[in-house]
Each structure stands twice: as structure tokens, then as C-alpha cells.
Amino acid sequence: MVEEEHSLEHEWTFTYFKKVANRSYEDSTFTLGTCKTVEDFWRLYVHLRRPVDERPSVCDYHVFREGIKPMWEDDANVNGGKWIVRLRKGLAARYWEEILLALLGGHFQLGDEICGCVLSVRYQEDILSIWNRSADSRRICMQIKETMRQVMGMPADVVMEYKKHTDSMRDNSSYRNTSSYTSNFSDNQGDPNNQALKQPQA
């Protein structure tokens, strides 16, 4: 007898980006698989490379709701933005898995608001981000930040960064010129005592 599988609230597509010479970002992004059930997720996830497996390089892992491309210009993303957490090398695998389980498990409790998440592997740091539809909604952005902080086990006064996709399109950058916020959503210059986090960069 075949056991019934457990459906996810949304379907999620895993993609991977690594720059290929003379190809656009979209053409350098490769689909790894789509998950409709919890069991789909684990069947795919156990075969994926982990961030610790990556040689020093620049690459991105994306997990987005089916039908949404991991691009600023996508209709679902264009009016949104992303919360950003910079991590010291060696920590990304743990936090990435925690964020994925929370995302697919519906812990953010915001319906269609969450578009996806990205793990960006860089030479000096790794960067986790969660993308949402409504950059101008203070309430929604704050709820996402707080849930992300709790899922990652970060202290209440941790500084996180946010950037609207319209700003990214303007300066052609994902992680420069971000705004930094504490738990009260006010501008802040960073928490030098948190050893897991990298400091915001201009």
C-alpha cells in the first residue's frame, strides 16, 4: 500500500545560478526541481549540493513559489523587496535549511506575500535573503523580519538589512546600498557583538 504524501501549501521550484560567460542571469539559472509535497522536498534536498560543498565562487541557490522567477523584474517581485542577513563563512548550510523548512512549512503565515528565498555564496561571506511582494507595507515587512529572526535563532536586537527591488534595478545591485534595521524597524548601524553576522556593507 502506497502511503499518502503530505501536500505543501504552495509548489516551490529550486533553481541554481552560476555565471556563464556571455549569458544573461536568466540564461545562467538552471532548474533543479519542483516540490509539491513534503516528500518531494526531501527527495530533492538530499541530492543537492550544500553551501559547504561549494569551492570559493559566486553562485546563488533560489527557492521560489512555482511561476515566480528569481528576478527583480518578475511581476510578483517588482513592487517588493528582500530581507538580508549576512553570514560568516561556514554557517550558511544550517541557516539555509532552517529557512527552507520554515518557508515550505508555512511558518511566515502571510499567504501569497512570500515569493521565495535566496542563498548567495560569495568569497568572503554568504548571504541569506527572503523576498516579498509588498515593500511598502511596514506591517508585512516587520512580520517577515521577526519570523526570519526567530527561525534563525538571532537575538532580538540583531540588525538586518532590507532593499527594495526597484532600488536594485536602479543601482543594478542586490546587496549594496541597503537599509539596516533593528527589531523596532528603525535605522541602525549594526551589532558588532553578533559573531555569526557580517556587518552591512554599502
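Taking 21 Å as the straight-line reach from the Cα of K82, the lysines in range (excluding those fewer than 8 positions away in the same chain) are K18, K69, K145, K163, K164, K198. This model, with +1 at the C-beta of Lys and Arg and -1 at the C-beta of Asp and Glu, gives the chain a dipole about its Cα centre of some 860 debye. With contacts taken as Cα pairs under 8 Å at a separation of at least 6 residues, region 115-177 carries a relative contact order of 18 percent. Annotation: amide H-H contacts under 5 Å for S134 (H modelled 1.01 Å from N, sequence separation of 5 or more, or interchain): G81. Under the shape rule built on the C-alpha gyration tensor, where the axes satisfy a ≥ b ≥ c, region 93-163 is rounded, since a/c falls short of 1.5. Normalised by the number of residues in the chain, the mean separation of alpha-carbon contacts (under 8 Å, six or more apart) gives a relative contact order of 21 percent. Distance between the pseudo-spin-label points of Y25 and K89 (7 Å out from Cα toward the beta carbon): 2.5 nm. With a Cα-only, solvent-free Debye model of region 69-118, what are the log10 I(q)/I(0) values at q = 0.13, 0.19, 0.20 Å⁻¹? Ignoring solvent entirely, the Cα scatterers give -0.37, -0.76, -0.82. Please state the shape class of the chain: rounded when a/c is under 1.5, otherwise prolate if a/b exceeds b/c and oblate if not, all from the C-alpha gyration tensor. Note, shape of the chain comes out rounded. In region 38-147, the C-alpha radius of gyration followed by the widest Cα-Cα span (Dmax) gives 13.9, 39 angstrom. Note on the chain: GNM, Cα springs under 10 Å; of V158, V121, V20, the largest mean-square fluctuation is that of V20.
Every number in this text was worked out from the coordinates using simple rules, so none of it is lab data. Just so it is clear, the model here is predicted, and its values are computed rather than measured. Positions of Cβ are generated from backbone atoms using ideal geometry, with glycine treated the same way; all protein chains shown enter the neighbour counts.
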